[in-house]
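Q: I'd like to ask some things about the structure below.
The values are calculated or read from the model by the stated rules, or taken from the named source; none is laboratory data. Predicted, not measured: the structure shown is a model, and the values here were computed from it. With ideal geometry, Cβ positions are generated from the backbone for all residues, glycine too; neighbour counts draw on all protein chains shown. Areas reflect the complete protein model, heavy atoms only, side chains present, ligands, DNA and RNA absent. Shrake-Rupley method; radii C 1.70, N 1.55, O 1.52, S 1.80 Å.
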Amino acid sequence: MKTRDELIDQLLDLAFAEDVGDGDATTLSTIPASEQGAQHLLVKEEGILAGVEIARKVFEKFDPTLKMTVYIHDGAHVKPGDIAFKVTGAVRSLLQTERIMLNIMQRMSGIATQTARYQERLKGLKTKVLDTRKTTPGLRILEKEAVKIGGGANHRMGLFDMILIKDNHVDFAGGIPQAVEAARKWMKENGKNLKIEVETRNAAEIDQALAEGADRIMFDNFTPAQTAEAVKQVAGRAETESSGGITLDTLRDYGEAGVDFISVGALTHSVKGLDMSFKHCDA
């Protein structure tokens with residue numbers, strides 16, 4: 001299993017390979033190798049800044065001699081005209097890293113901004129908004145970091161770090177008791193100790209999941225009223241999560257029903273990047 005830093009390093013290798021290739025033909029042909037300069041990150045839209053530390057990794061990996069001075073850190077609320085950081089060094093390096101850094105920062109900042117908007121709707125409640133696996137292939141680790149920067153919480157990273165028994169698993173396994181029993185048997189045989197979450201569709205399935213000792217129970221496509229009843233049914237015996245078609249407009253209703261978590265695919269699957277640019281400035 002690769003570490004966070006190894007995954008990010010691998011991601012950046014791919015980003016450089018697809019964008020820079022064997023060199024930026026325009027920059028290499030027009031800018032002398034000795035040319036030194038500076039550029040700063042200009043914020044052009046209000047939101048939550050995310051990706052500053054990943055940007056640092058971009059610059060350091062491509063050219064360790066680049067010097068980055070940070071003025072605004074991850075998680076800060078930013079507005080048009082704010083300068084997040086400045087980078088000085090070889091102009092060739094600045095120009096070749098510009099788009100990769102901006103792609104990452106605009107995407108992460110858009111996700112953080114969206115997450116903050118959702119979490120703000122739950123202000124005063126215990127409920128936390130969760131991300132899902134509806135992420136851009138290869139970028140999940142960055143997109144989930146952006147959710148945390150925006151004030152949300154991460155669900156499982158992938159298929160490997162939690163047992164989530166969904167309706168298809170239940171139907172293929174023959175029922176919730178059979179699925180949970182099989183999951184526990186598999187974990188014992190493979191030396192795993194993972195939390196078990198069970199997706200439920202009605203009150204009877206909630207009772208079955210509780211009887212099997214599930215760590216978390218998901219209420220799938222319940223109404224807010226049904227969710228409130230389901231929370232009472234669980235009565236603190238497991239964590240609770242709402243999922244399925246929940247929007248910014250309905251989010252508060254589900255939070256007020258008393259669930260611990262609400263998972264929202266829209267945090268990552270259809271986000272608009274935060275507008276920003278990397279412009280020439282005085283060194």
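Q: Restricting attention to the stretch 268-279, does a residue exist that is in a loop (DSSP other than H, G, I, E, B), more than 29 Å from Glu212 (Cβ to Cβ), without any contact (Cβ under 8 Å) to a residue 40 or more places away in the chain and over 18 Å from the mean Cα position of the chain (by Cα)? Before you say what the answer is, go through the steps one by one.
A: Taking the stretch 268-279 and keeping what is in a loop (DSSP other than H, G, I, E, B), we get 268-275.
Then drop every residue that is not more than 29 Å from Glu212 (Cβ to Cβ), which leaves 268-275.
Keeping just the survivors that are without any contact (Cβ under 8 Å) to a residue 40 or more places away in the chain gives 270.
Filter once more, so that each one left must be over 18 Å from the mean Cα position of the chain (by Cα): none.
Within the stretch 268-279, not a single residue is in a loop (DSSP other than H, G, I, E, B), more than 29 Å from Glu212 (Cβ to Cβ), without any contact (Cβ under 8 Å) to a residue 40 or more places away in the chain and over 18 Å from the mean Cα position of the chain (by Cα).
Q: Tell me whether the stretch 64-75 contains one or more residues that are in contact (Cβ under 8 Å) with a residue 24 or more places away in the chain, in a helix (DSSP H, G or I) and on the phi < 0 side of the Ramachandran plot.
A: no
Q: Quick one: count up the residues across the stretch 219-262 that are open to solvent by 10 Å² or more (accessible area, probe 1.4 Å) and assigned to a strand (DSSP E or B). Walk me through it before giving the result.
A: Our first condition is that a residue be open to solvent by 10 Å² or more (accessible area, probe 1.4 Å); within the stretch 219-262, this holds for 220-226, 228-229, 231-233, 235-239, 243-250, 252-254, 256-258, 260-261.
From the residues that got through so far, the ones that are assigned to a strand (DSSP E or B) too are 220, 239, 243, 261.
Residues meeting the conditions: 4.
Q: Moving on to the next point. May I ask you to verify whether Leu7 is under 22 Å from Lys279 (Cβ atoms) and either open to solvent by 40 Å² or more (accessible area, probe 1.4 Å) or in a loop (DSSP other than H, G, I, E, B) (or both)? Please lay out each step first, then the result.
A: Numbers: under 22 Å from Lys279 (Cβ atoms): no; either open to solvent by 40 Å² or more (accessible area, probe 1.4 Å) or in a loop (DSSP other than H, G, I, E, B) (or both): yes.
In short, no.
Q: I would also like to ask the following. Tell me, please, whether a residue that is open to solvent by 30 Å² or more (accessible area, probe 1.4 Å), among the acidic types (Asp, Glu) and without any contact (Cβ under 8 Å) to a residue 60 or more places away in the chain can be found in the stretch 23-44.
A: Yes, because at least one residue in the stretch 23-44 is open to solvent by 30 Å² or more (accessible area, probe 1.4 Å), among the acidic types (Asp, Glu) and without any contact (Cβ under 8 Å) to a residue 60 or more places away in the chain.
Q: Determine the pairs where a residue that is within 18 Å of Met1 (Cβ to Cβ) and among the charged types (D, E, K, R), located within the stretch 114-142, has a partner that is open to solvent by 30 Å² or more (accessible area, probe 1.4 Å) and part of a helix (DSSP H, G or I) with Cβ atoms under 9 Å apart, the partner being 6 or more residues away or on another chain.
A: Pairs that qualify, where the first residue is within 18 Å of Met1 (Cβ to Cβ) and among the charged types (D, E, K, R) and the partner is open to solvent by 30 Å² or more (accessible area, probe 1.4 Å) and part of a helix (DSSP H, G or I), are Arg133/Arg140; Arg140/Leu7.
Q: If you don't mind, another one. Pick out the one residue from Asp215, Asp171 that is open to solvent by 40 Å² or more (accessible area, probe 1.4 Å), closer than 24 Å to Lys126 by Cβ, without any contact (Cβ under 8 Å) to a residue 40 or more places away in the chain and of a type outside the set (Gly, Ala, Ser). First the steps, then the outcome.
A: Working: Asp171 fails: closer than 24 Å to Lys126 by Cβ.
Matching residue, one of Asp215, Asp171: Asp215.
Q: Within the stretch 188-199, can you find the residues that are without any contact (Cβ under 8 Å) to a residue 24 or more places away in the chain and open to solvent by less than 50 Å² (accessible area, probe 1.4 Å)? Give the derivation first.
A: Within the stretch 188-199, the first condition is being without any contact (Cβ under 8 Å) to a residue 24 or more places away in the chain, and the residues that meet it are 188-193.
If the condition is that a residue be without any contact (Cβ under 8 Å) to a residue 24 or more places away in the chain and open to solvent by less than 50 Å² (accessible area, probe 1.4 Å), then no residue fits.
Q: Somewhere in the stretch 172-190, is a residue more than 19 Å from Leu248 (Cα to Cα) and in contact with a Phe, Trp or Tyr (Cβ under 9 Å, 6 or more places away or on another chain)?
A: Within the stretch 172-190, the first condition is being more than 19 Å from Leu248 (Cα to Cα), and the residues that meet it are 172-190.
Going one step further and asking which of them are in contact with a Phe, Trp or Tyr (Cβ under 9 Å, 6 or more places away or on another chain), we end up with 179.
Yes, the stretch 172-190 has at least one match.
Q: Which residue, of Arg156, Arg184, is open to solvent by 20 Å² or more (accessible area, probe 1.4 Å), more than 30 Å from Arg107 (Cβ to Cβ) and basic (Lys, Arg)?
A: Details: Arg156 fails: more than 30 Å from Arg107 (Cβ to Cβ).
Unique residue meeting the criteria: Arg184.
Q: Let me ask something else about it. Here are the criteria: (1) surrounded by 14 or more Cβ atoms within 10 Å (Cβ to Cβ); (2) touching a Gly at 6+ places or on another chain (Cβ under 9 Å). Tell me which single one Ile206 does not satisfy.
A: With (1) surrounded by 14 or more Cβ atoms within 10 Å (Cβ to Cβ); (2) touching a Gly at 6+ places or on another chain (Cβ under 9 Å) applied to Ile206, the lone miss is (2).
Q: When you go through Gly81, Gly47, Gly75 one by one, which is the residue that is touching a strand residue (DSSP E or B) at 6+ places or on another chain (Cβ under 9 Å), open to solvent by 30 Å² or more (accessible area, probe 1.4 Å) and farther than 16 Å from His280 by Cα? Please lay out each step first, then the result.
A: On the way: Gly81 fails: farther than 16 Å from His280 by Cα; Gly47 fails: open to solvent by 30 Å² or more (accessible area, probe 1.4 Å).
None of the other options fit; the residue is Gly75.
Q: In addition: Would a scan of the stretch 205-222 turn up a residue that is closer than 25 Å to Gly151 by Cα, touching a Pro at 6+ places or on another chain (Cβ under 6 Å) and not charged (D, E, K, R)?
A: no
Q: Just for the stretch 263-283: of the residues that are touching a helix residue (DSSP H, G or I) at 6+ places or on another chain (Cβ under 8 Å) and among the small types (Gly, Ala, Ser), which one is surrounded by the fewest Cβ atoms within 10 Å (Cβ to Cβ)? Quick ask: steps written out before the conclusion?
A: Restricting attention to the stretch 263-283, the residues satisfying the condition of being touching a helix residue (DSSP H, G or I) at 6+ places or on another chain (Cβ under 8 Å) are 264, 266-268, 271-278.
Next, from what is left, pick out any that are among the small types (Gly, Ala, Ser): 266, 273, 277.
On the way: Ala266: 16, Gly273: 18, Ser277: 13.
Checking each candidate, the answer is Ser277.
Q: Return yes or no: is Ala209 at pLDDT 95 or above, closer than 30 Å to Lys185 by Cα and not charged (D, E, K, R)? Please lay out each step first, then the result.
A: Details: at pLDDT 95 or above: yes; closer than 30 Å to Lys185 by Cα: yes; not charged (D, E, K, R): yes.
Yes: the conditions hold for Ala209.
Q: Which residues, counting only those in the stretch 84-104, are open to solvent by 30 Å² or more (accessible area, probe 1.4 Å) and not basic (Lys, Arg)?
A: Taking the stretch 84-104 and keeping what is open to solvent by 30 Å² or more (accessible area, probe 1.4 Å), we get 86, 88, 92, 95, 98-99, 103.
Answer for the stretch 84-104, where residues must be open to solvent by 30 Å² or more (accessible area, probe 1.4 Å) and not basic (Lys, Arg): Thr88, Leu95, Glu98, Asn103.
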